[in-house]
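Engineer: Would you mind keeping the following structure in view while I ask a few things?
Read-outs throughout are calculated quantities, based only on the coordinates presented, and are distinct from any laboratory measurement. Keep in mind the model is a prediction, meaning the values are calculated, not measured. Cβ sites come from the backbone with ideal geometry, for glycine too, and all protein chains shown count toward neighbours.
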Amino acid sequence: MSLSIVVPIYNEINYLESFIKLLLNNFKKESVEYIFINDGSDDGSAEWLLNNLPTLQIKNYKYVNLQKNKGKGFALRKGLELVTCDYILFLDSDMEYDSKDCLEMYNIIKNNSKIHVLFSSRYLTGKIQHREYYIHNIVSRINTIIFNFLFSQSISDLHSGTKIISRKVLEKINLSINDFGFEIDISSKIAKNNFMIYEYGISYIARNYKQGKKITWVDGLLCYYYLFKTRVLENELDTMLSIIYSCIYMLFAGSYFGLGSGKILIMIVFAFIGITLGLKRKLTTSSIVLLFIYFGSLFSNGNGKIYTVLIFFIMGMYLSKKISSIINKISNNQFIKFFI
């Protein structure tokens, strides 16, 4: 077997039979390991799985029954503890995604040794699409843009629930988010470890809340916390120090702009720029940017000082990047890399 299909299930009694039979039919010619995780369902899903999985003539399956609902991320991590295959497919059980597309994705990744991470995308496709909620679509696109900016990626669909990932990749990342933030969690860890993300267009038939859709506006708000957590809070010591350092001096740079409440808003924006800067520069190279900002503040007076600060800031960014690139090419010393 080379593929483990990991399926989290929470209150899907109306879809379970159709979903599992379709999944088994689409993968009937493949040697597959199925892992079903009941995430504390209270609608009869657990009983259905317990009674019917043994009768479906599945050659290789494992069943995990969680007594309480812990969230999608937690359920999937429990499933990952049982995988034995080279590739792992994550697939939701709500039938918004077609398992036939999953088979196409599997055929791609198993026949290309260079691809270790393959995400599905609901936007890169000529296949059938149906969306119930316009605002969900907008938020999904916005979150994807933010993710791409924070992690220097160019994916098209951060929240798509179907992914195939090499076991070697999963063994090198540490997942921690329990709920629907799983997609952000796994995507951010993959990006941080410099694994290349490929995408494949799939069909998507969304369901509404009456049909059982579970994600809410609370989950939407939590996405922004998870993006901040995975990008800013979960870093090595050298990066954390650089973030704090650059955030402080960018607040100083922002103090040259605006008046009154406008100045406060600009300083907040500059603080976020400082966070982004700290992710890309270490303490020494970040200090070069600070030095250039200070030099820029010595020139001109009044509003004219704004332009000199900006010009010197750009110069400092360019020079610090060049210096960092040169030193990283000529030295692998970990002490030096801590600062540069």
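Engineer: Using Cα-Cα distances under 8 Å and only pairs 6 or more residues apart, what relative contact order does the chain have, in percent?
Structural biologist: 14
Engineer: What are the ³J(HN,Hα) values, in whole Hz, obtained from phi via the Karplus relation 6.51 cos²θ - 1.76 cosθ + 1.60 with θ = phi - 60°, for each residue of segment 93-103 in sequence order, with x given for Gly and Pro?
Structural biologist: 3J(HN,Hα) across segment 93-103, in whole Hz: 9, 8, 6, 6, 10, 8, 5, 5, 5, 5, 5.
Engineer: Considering only the other residues whose Cβ falls under 13 Å of the Cβ of Y123, what net charge follows from Lys and Arg at +1 and Asp and Glu at -1?
Structural biologist: Result for the local shell: +2.
Engineer: Moving on to the next point. Restricting to bridges with both residues inside the chain, how much of the DSSP beta-bridge set is antiparallel, in percent to the nearest 5? Provide the component values of the computation, followed by the final result.
Structural biologist: On the way: 7 of 30 bridges.
Antiparallel bridges: around 25 percent, rounded to the nearest 5.
Engineer: What number, in percent, do you get for the relative contact order of segment 237-339 if the mean sequence gap of Cα pairs under 8 Å and at least 6 apart is divided by its residue count? Let's see the in-between values first.
Structural biologist: Numbers: 129 pairs, mean separation 27.9, N = 103.
Relative contact order, segment 237-339: 27 percent.
Engineer: Here's something else I'd like to know. Test of the criteria: in segment 65-148, which chymotrypsin sites (Phe, Trp or Tyr not before Pro) are in a DSSP loop and have at most 14 other Cβ atoms within 10 angstrom of their Cβ?
Structural biologist: Within segment 65-148, the qualifying chymotrypsin sites (Phe, Trp or Tyr not before Pro) (loop, at most 14 other Cβ atoms within 10 Å) are Y133.
Engineer: Taking GluC sites (Glu not before Pro) as candidate sites, keep only those in a DSSP loop with at most 12 other Cβ atoms within 10 Å, then name the longest stretch of the chain containing none of them.
Structural biologist: Excluding the exposed sites themselves, the longest stretch runs over 237-340.
Engineer: Given H placed 1.01 Å from N in the peptide plane, which residues other than close sequence neighbours of Y34 have an amide H under 5 Å from its amide H?
Structural biologist: For Y34, the qualifying residues are I5, N60, Y61, K62.
Engineer: On a full-extension model of 0.36 nm per residue, what is the gain between N25 and E47, subtracting their alpha-carbon distance, rounded to one decimal in nm?
Structural biologist: Residue separation times 0.36 nm, minus the Cα-Cα distance, leaves 5.7 nm.
Engineer: Per residue of segment 261-273, what does 6.51 cos²θ - 1.76 cosθ + 1.60 with θ = phi - 60° give for ³J(HN,Hα)? Whole Hz please, x for Gly and Pro, Karplus curve as stated.
Structural biologist: Working through the residues one at a time gives 5, x, 5, 4, 4, 5, 5, 5, 4, 5, 5, 5, 4 Hz.
Engineer: Rank by packing, highest mean first: peptides 217-223, 53-59, with packing defined as the count of other Cβ atoms within 10 Å averaged across residues.
Structural biologist: Ranking the peptides 217-223, 53-59 by packing returns 217-223, 53-59.
Engineer: Follow-up question, since we're still on this one. I need to check one value: relative contact order of segment 1-134, counting alpha carbon pairs closer than 8 Å and at least 6 residues apart, in percent.
Structural biologist: Details: 179 pairs, mean separation 45.0, N = 134.
The normalised contact order for segment 1-134 reaches 34 percent.
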